[in-house]
Amino acid sequence: MTTDPALHPVRNLSLLRDRNDAAVLRAVRAGAENGISRVELAAHTGLTAQAISKITARLLAEGLLTEAGRERVAGQTGKPRTLLRLVPRARFALGAQLGRRGIRLLQVDLTGTVTARAEAAVDPQGEPGPVLDRLAAMVDDLTAGPTAQRVLGLGLACPGPLDTRDGVLHQVTGMPGWHGLHLRDEMEARTHLPVIVEKNTTAGVLSRLGPDNRAFVYLGDGVGAGLVLGGRVHRGARTNAGEFGHQCVDPTGPLCACGARGCLEAVCLTALRARRTDEAARALGIAVANLVRLLDVEDISLGGTTLLDDPDPFETAIRTELATRIPDPHWQHVTLTRAPRLAIPQGAAALALTRLFL
């Protein structure tokens, strides 16, 4: 980005540091399609009418809210209530998916609607510098013009293992040159934007609302899972939960790029390269049944280019293994859905939007 970070308006927006402002914005976003009144905002947030008045005045001045007409409530006397709603394009967020074969980049507005997108093929098996330079150039191109001044930040989803607290990658399978890379710092230096790094599968599970116990299972250039347990994203002690593809499903199976033998990822990818789709599907089905029995999730979203290009064998195998391996499948019912192809970059963009709404 060419914008001086010291002058970037997002850095200096006090509303991003004000939880009350964020609470109001959340309530407006969750409110009726036609808008929500200040009285309703006070009821939803627990803030006083005076506080709501000050906050909404500030958000109107910032251009984040707009007046959307008036509403008369049954039995009300006096003036009708003024309705407020978000201005979707008042701010934007970016979401990127860094894969082992390419980059996907999205720009979304405050409602999460995709407003622009770009893709590029890259080779991340070498040094990371050229790949990150390419991503930074894509960010620059996508936000050229007045949009650049309204970008909240960049959510960046990538394969793990990943320490999301420090933004550092650790021994990413198939990307040896990236070990120890301070990914967040590298991208912030290149874009002058706030950057949030997350595992690709965690971004995937965050791309949509769903039950409190759910998983996103990914089969693309690797295998992984994102988890929401008890209504909260589950990242684990080192923020590296979800290495679903590196559970051992065959101790005598093929050697995995991680150095172990018989990992689910190695079994699936080896079978797919040999065009034995049914073998890969059954292995994935067994692993999903293991996941359900271990964590008792009730909803599984299936994603990843490889799976979505030919979903039927995988869905059939997963349903078969769940029916076979779950003791009471009617009681422990699991819903299977297909994730959108852009679920991961959309989830990454949602993380960047949280700077405004949380």
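Within segment 335-351, identify whether any single residue is loosely packed, with under 15 Cβ neighbours inside 10 Å, in contact with a Pro (Cβ under 7 Å, 6 or more places away or on another chain) and not small (Gly, Ala, Ser), and answer yes or no.
Taking every residue of segment 335-351 in turn, at least one turns out to be loosely packed, with under 15 Cβ neighbours inside 10 Å, in contact with a Pro (Cβ under 7 Å, 6 or more places away or on another chain) and not small (Gly, Ala, Ser).
Return yes when Ile55 is among the β-branched types (Val, Ile, Thr), crowded, with 18+ Cβ neighbours inside 10 Å, out of contact with any Cys (no Cβ under 6 Å at 6 or more places or on another chain) and closer than 17 Å to Gly155 by Cβ and no when it is not.
no
Given (1) touching a Pro at 6+ places or on another chain (Cβ under 6 Å); (2) in contact (Cβ under 8 Å) with a residue 60 or more places away in the chain, where does Asp163 come up short, assuming only one miss?
Among (1) touching a Pro at 6+ places or on another chain (Cβ under 6 Å); (2) in contact (Cβ under 8 Å) with a residue 60 or more places away in the chain, Asp163 violates only (1).
Taking segment 188-220 as the search range and keeping residues that are more than 27 Å from Ser301 (Cβ to Cβ) and either in contact (Cβ under 8 Å) with a residue 24 or more places away in the chain or outside the structural domain of Val151 (by TED's automatic domain parsing) (or both), which one is nearest to the chain's Cα centre (by Cα)?
Result: Pro194.
How about segment 42-72: which of its residues are outside any helix (DSSP H, G or I), free of Cβ contacts under 8 Å to residues at least 24 places away in the same chain and of a type outside the set (D, E, K, R)?
Gly46, Thr48, Thr66
Determine if segment 334-353 includes at least one residue that is in a loop (DSSP other than H, G, I, E, B), at positive phi, under 25 Å from the mean Cα position of the chain (by Cα) and not assigned by TED's automatic domain parsing to the domain that holds Glu198.
No; the residues of segment 334-353 include none that is in a loop (DSSP other than H, G, I, E, B), at positive phi, under 25 Å from the mean Cα position of the chain (by Cα) and not assigned by TED's automatic domain parsing to the domain that holds Glu198.
If I filter segment 74-131 down to residues being of a type in the set (Val, Ile, Thr) and in a loop (DSSP other than H, G, I, E, B), which single residue comes out as nearest to Ala30 (Cα to Cα)?
Among them, the one singled out is Thr111.
Specify which of the listed residues (Thr239, Thr306) is touching a Leu at 6+ places or on another chain (Cβ under 9 Å), closer than 20 Å to Glu198 by Cβ and of a type in the set (Ser, Thr, Tyr).
Thr239
Only one of (1) in a strand (DSSP E or B); (2) touching a residue at least 40 places away in the same chain (Cβ under 8 Å) fails for Val39. Which number is that?
Val39 satisfies every listed condition except (1).
Would a scan of segment 267-287 turn up a residue that is small (Gly, Ala, Ser) and surrounded by fewer than 16 Cβ atoms within 10 Å (Cβ to Cβ)?
yes
I'd like to check something: does segment 120-136 contain any residue that is crowded, with 19+ Cβ neighbours inside 10 Å and in contact (Cβ under 8 Å) with a residue 60 or more places away in the chain?
Yes: segment 120-136 contains one or more residues that are crowded, with 19+ Cβ neighbours inside 10 Å and in contact (Cβ under 8 Å) with a residue 60 or more places away in the chain.
Using the structure shown, decide if Gly112 is assigned by TED's automatic domain parsing to the domain that holds Ala348, within 17 Å of the chain's Cα centre (by Cα) and either surrounded by 15 or more Cβ atoms within 10 Å (Cβ to Cβ) or modelled with pLDDT under 95 (or both).
Criteria met by Gly112.
Inspect all residues belonging to segment 322-331 and state whether any of them is free of Cβ contacts under 8 Å to residues at least 24 places away in the same chain, in a helix (DSSP H, G or I) and over 27 Å from Arg100 (Cβ atoms). First the steps, then the outcome.
As a first pass, look at segment 322-331 and keep what is free of Cβ contacts under 8 Å to residues at least 24 places away in the same chain: 323, 327-331.
Cutting the leftovers down to in a helix (DSSP H, G or I) gives us 323.
After this cut, where a residue has to be over 27 Å from Arg100 (Cβ atoms) as well, the list is 323.
Taking every residue of segment 322-331 in turn, at least one turns out to be free of Cβ contacts under 8 Å to residues at least 24 places away in the same chain, in a helix (DSSP H, G or I) and over 27 Å from Arg100 (Cβ atoms).
Hey, can you tell me all the residues within segment 242-266 that are aliphatic (A, V, I, L, M) and buried (at least 22 other Cβ atoms within 10 Å of the Cβ)?
Result: Leu264, Ala266.
In segment 83-90, is there at least one residue being out of contact with any His (no Cβ under 9 Å at 6 or more places or on another chain), modelled with pLDDT of 90 or more, closer than 24 Å to Pro340 by Cα and surrounded by fewer than 14 Cβ atoms within 10 Å (Cβ to Cβ)?
Within segment 83-90 (the criterion being out of contact with any His (no Cβ under 9 Å at 6 or more places or on another chain), modelled with pLDDT of 90 or more, closer than 24 Å to Pro340 by Cα and surrounded by fewer than 14 Cβ atoms within 10 Å (Cβ to Cβ)), the answer is no, since none of the residues qualifies.
The values are calculated or read from the model by the stated rules, or taken from the named source; none is laboratory data. On a predicted model such as this, the values are computed, not experimentally measured, just so you know. All Cβ positions, glycine included, derive from the backbone under ideal geometry; neighbour counts span all protein chains shown.
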